[in-house]
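Colleague: Handing you a structure now.
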Amino acid sequence: QAKNAAERDAVPYHPGLETGALHRKRLGMALRGAIEANELSVVYQPIVRASDLAIVSVEALVRWDSKEFGRVSPVDFIPVAEETGAIHDIGKFVFQRACQDMVDWPGLKMSINVSPAQLRDPSFANDLGAIARRHDVVPNRFKLELTEGLLVRNPTIAKRKLARLKSMGFGLSLDDFGTGFSSIGYLRQFPFDWLKIDKSFISELGSNPTANALIQSMIALGDAMDIAVVAEGIETVEQLQLLRLLQCEFVQGYYLAKPMPAAGITALLAELGESRRILPELDLGGY
Ligand code: C2E
Ligand code: MG
Ligand code: MG
Ligand code: MG
């Protein structure tokens, strides 16, 4: 960490670069008090079974409404939080809030994004276990979403940590699949339950034959390894129907439902009734 900072400071003067570093520094300072100031919240995006469009799960996504900076995207502040160490408290805040909220959603599973820095924390697994117990939620309702970077950088440690989380009952999901560097053989060494095809592939579905072939092969890969495949970033009905045709098991994206506050999920479930089927007007026949 100190070395990174020193390296940054040693970079020759460059106005654009300095503005970026300065902005990150100011974000980092503002982020420190964000939890206490009630600026953080959690929204939930449904994950849907492709065959019958029933909501089976939600993904928790953190939001920051800063008094100083306005709404800041997690794409911008999560890396800063990793750098400053604030990610540990933010992660616990999100997990705790998710535990509270999901009490109103019986039968629904919950995906939680986990940064590499959190997994490196020696007390991470124990902390999650304690929070879940305190809220009386069983770990097997969760899937922890991790990205490939972490596995590639330190596979031995990652393997040990993931095995421990699995043994506690937590499910594991490989997020943003296809954007990293891990090979197929490599993937077999880790106990993932879900594989999430990155939205960059989905956005090209239907227009780029290579994307179609790649998605097909990822779905076949999941089948072969007995890992359920989730496609994220579905924005059109055409993408949805193509993925159903390709027998992708789960789907997620703005076309199905956008991320929403807990009350929105509660209202949606009440409206959908027992089937939990979203988009009732859509024709599911033919596939
Ligand atoms: P992710 O885990 O891959 O989450 C998916 C992102 O895509 C979310 O952005 C979601 O709002 C967005 N999304 C969902 N459907 C669509 C769609 O149809 N089209 C498009 N273009 N985007 C869609 P968001 O909420 O801005 O989060 C961005 C990233 O920040 C997440 O990517 C995740 O890596 C990270 N993140 C979010 N919340 C947390 C958290 O609580 N902890 C950690 N460690 N990371 C988080
Ligand atoms: Mg995710
Ligand atoms: Mg993703
Ligand atoms: Mg991501």
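The values are calculated or read from the model by the stated rules, or taken from the named source; none is laboratory data. Remember, predicted model here, so these are calculated numbers, not experimental data. Note that we place each Cβ from the backbone using ideal geometry, even for glycine, and neighbour counts take in every protein chain shown. Heads up: the accessible areas ignore ligands, DNA and RNA and are worked out on the full protein's heavy atoms, side chains in. Shrake-Rupley method; radii C 1.70, N 1.55, O 1.52, S 1.80 Å.
Colleague: Setting aside same-chain residues fewer than 8 positions from K159, which lysines have a Cα under 20 Å from its Cα?
Modeller: Partners found: K143, K196.
Colleague: If I compute solvent accessible area with a 1.4 Å probe over the protein chains, what percent of it on the chain is carbon and sulfur?
Modeller: Carbon plus sulfur share of accessible area: 53 percent.
Colleague: How big is the dipole moment of the chain about its Cα centre under a simple scheme where the beta carbon of each Lys and Arg is +1, that of each Asp and Glu is -1, and everything else is neutral? Debye, nearest 20, please.
Modeller: So the dipole magnitude of the chain works out to roughly 940 debye.
Colleague: Another question, then. How large is the helix-only mean residue ellipticity at 222 nm for the chain, computed as the sum of -39500 (n - 2.57) over DSSP H runs with n ≥ 4, divided by its residue count, in deg cm²/dmol to the nearest 500?
Modeller: That comes out to -14000 deg cm²/dmol.
Colleague: Straight-line reach from K166: which aspartates and glutamates fall under 17 Å, measuring Cα to Cα and dropping same-chain residues less than 8 apart?
Modeller: Candidates past the 8-residue exclusion: D121, D127, E145, D175, D193, D226.
Colleague: Based on the alpha-carbon gyration tensor of the range 137-178 and its eigenvalue square roots a ≥ b ≥ c, which shape applies: rounded if a/c is under 1.5, prolate if not and a/b is larger than b/c, or oblate?
Modeller: In terms of gyration-tensor shape, oblate.
Colleague: Still on this structure, please answer the following. Please say if the range 185-265 is rounded, prolate or oblate, where rounded means a/c under 1.5 for a ≥ b ≥ c the square roots of the C-alpha gyration tensor eigenvalues, and otherwise the choice is prolate for a/b larger than b/c and oblate otherwise?
Modeller: It is oblate, given that a/c is not under 1.5 and a/b is not larger than b/c.
Colleague: Further question on the same structure: I need the phi-derived Karplus couplings for the range 205-220: 6.51 cos²θ - 1.76 cosθ + 1.60, θ = phi - 60°, integer Hz, Gly and Pro marked x.
Modeller: Values per residue, Gly and Pro as x: 4, x, 9, 10, x, 5, 4, 4, 5, 5, 5, 4, 6, 5, 5, 5 Hz.
Colleague: Still on this structure, please answer the following. Working from the pairwise distances between different alpha carbons, so that the mean of 1/r is found and then inverted, what is the range 121-246's Kirkwood radius in Å?
Modeller: 15.7
Colleague: Per residue, how many Å² of accessible area does the range 165-223 show with a 1.4 Å probe?
Modeller: Heavy-atom accessible area per residue stands at 46 Å².
Colleague: Would you mind listing how long the chain runs along its three principal axes, going by Cα atoms, in whole Å with the largest first?
Modeller: Cα spread of the chain along its principal axes, largest to smallest: 61, 41, 39 Å.
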